[in-house]
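Structure first, commentary second.
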Amino acid sequence: MTTHAGPRTTAPGALARCRASVEPALRAAVASLHPQPRRMASFSLGWCDADGTPSTGSGGKGVRQALAVLATEAVGAPAELAVPAAVAVELIHTFSLVHDDIMDGDERRRHRDTVWKAFGTGPAVLTGDALFALGVRTLAVAGGEHGATAVCRLAETLGDLVHGQADDLLFETRPWTGPGAVGLADYRAMADRKTGALLGCAMALGPVLAGAAPPVVGALSEAGRQLGLAFQVVDDLLGIWGDPQATGKPVHSDLHRRKKTLPVLAAMALDEKAAERLGRLLGSPGPLSTTDAERAAAIVEGAGGRDFALEDARRQVAAARDCLTAMPLEESATREIVALSEYFLDRQL
């Protein structure tokens, strides 16, 4: 296939190129909202401060919109065709973050207050709803011969997101050990829906709008889901050992919240004594002290949970690469997708 894109770049360069092609349409979509959710959405996207003052802060790296553009280029279609898909996916992703922060009680994201912390829970819920509706509308009005198919795929993805988030919330009520404990298979099923589904959708929507063959769309979707699993694992690693200056969250944040993440679950599966110690520490009532969080992190690492999780993320990236190379895709766009996935994997290293 021939490419419709310009010269290929490094992973950060690809992110910047894709963001430049998508952001004008994303800003135009957000500008159509009611003034209150518009300001809160702009705040969440890093475009302004809480008082509305324009900001140059980070609203995220835009990996989902980049994957939407690159996957569309990979089937030989122009990047412009991917813009409605990329905007829809970014809006849905932002909606999910706004609501996720409310459900988790997180007060900080990307070195600033979360939307609910800055504006209140009720307005934040409304903003998430507005972003949800706007994402669906953006894709629906894109129209075209394959527009209905794209909207159906997005609707299926939204069902997966809700399913995965519901499982994640239920994990909080399940015990650390014994009958009913969360296992690795439970975790993978949750992460596939909560994180993998949207990345799979991101890589499928543009090719669907371009009329790509179903097997090609299926391979791109599966590659995205595998990358989603890898990115979730890296987030789990950063949630324990990440540098607060890089993550924007406190050190050991996931341990303080007693989240059942892959490194912890893997450590408990690999080492019976570690499972007992972690069960006592993380299953105890009351807030987890800084000392106990440090102790839990050391136990997880000593039992092999950190290494297991990192290797698992690498396997998911390799599986995504296999999905891509099995299809007749435009090679340079495929290389950029792989480079992008390896770049995000290296966030942990």
If Val83 meets every condition in (1) surrounded by fewer than 19 Cβ atoms within 10 Å (Cβ to Cβ); (2) of a type in the set (A, V, I, L, M); (3) part of a helix (DSSP H, G or I) apart from one, which number is that one? (1)
Checking Leu262, Leu282 in turn, the sole residue that is at pLDDT 90 or above and within 20 Å of the chain's Cα centre (by Cα) turns out to be Leu262
Might you let me know whether the range 87-95 holds any residue that is of a type in the set (S, T, N, Q) and crowded, with 22+ Cβ neighbours inside 10 Å? yes
Going through Ala155, Ala189, Ala202, Ala213 one at a time, which residue ends up being at pLDDT 95 or above and either of a type in the set (Asp, Glu) or over 19 Å from the mean Cα position of the chain (by Cα) (or both)? Ala213
Check whether at least one residue in the range 111-122 is farther than 18 Å from Arg27 by Cα and basic (Lys, Arg), and report yes or no. yes
Of all residues in the range 118-140 being assigned to a helix (DSSP H, G or I) and free of Cβ contacts under 8 Å to residues at least 12 places away in the same chain, the one that is farthest from Ala202 (Cα to Cα): Gly122
Anything in the range 243-266 that is more than 16 Å from Pro175 (Cβ to Cβ) and outside any loop (DSSP other than H, G, I, E, B)? List them, or say none. Pro244, Gln245, Ala246, Thr247, Ser253, Asp254, Leu255, His256, Leu262, Pro263, Ala266
Can you pull out the residues in the range 46-73 that are in a helix (DSSP H, G or I) and within 21 Å of the chain's Cα centre (by Cα)? Val63, Arg64, Gln65, Ala66, Leu67, Ala68, Val69, Leu70, Ala71, Thr72
Just for the range 277-295: of the residues that are touching a helix residue (DSSP H, G or I) at 6+ places or on another chain (Cβ under 9 Å) and closer than 15 Å to Thr177 by Cα, which one is surrounded by the most Cβ atoms within 10 Å (Cβ to Cβ)? Leu278
Taking the condition modelled with pLDDT under 95, under 23 Å from Glu222 (Cβ atoms), out of contact with any Asp or Glu (no Cβ under 7 Å at 6 or more places or on another chain) and not charged (D, E, K, R), does Val69 pass? no
Check the range 193-216 and report whether any residue there is of a type in the set (Ser, Thr, Tyr) and either touching a strand residue (DSSP E or B) at 6+ places or on another chain (Cβ under 9 Å) or under 30 Å from Pro328 (Cβ atoms) (or both). yes
Going by what's in this entry, would Arg27 be described as assigned to a helix (DSSP H, G or I), touching a strand residue (DSSP E or B) at 6+ places or on another chain (Cβ under 8 Å), without any contact (Cβ under 8 Å) to a residue 24 or more places away in the chain and within 28 Å of Ala118 (Cα to Cα)? no
Check the range 96-112 and report whether any residue there is at pLDDT 90 or above, crowded, with 19+ Cβ neighbours inside 10 Å and within 19 Å of Leu255 (Cα to Cα). yes
Could you look through the range 207-240, keep only residues that are part of a helix (DSSP H, G or I) and out of contact with any helix residue (DSSP H, G or I) (no Cβ under 7 Å at 6 or more places or on another chain), and pick out the one that is farthest from Ala313 (Cα to Cα)? Pro214
Over the range 312-330, the set of residues within 18 Å of Gly218 (Cα to Cα), more than 17 Å from the chain's Cα centre (by Cα) and not hydrophobic (A, V, I, L, M, F, W, C) is Arg321, Asp322, Thr325, Pro328, Glu330
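The values are calculated or read from the model by the stated rules, or taken from the named source; none is laboratory data. Keep in mind it's a predicted model, so treat the numbers as computed, not measured. Cβ: placed from backbone, ideal geometry, glycine included. Neighbour counts: every protein chain shown.
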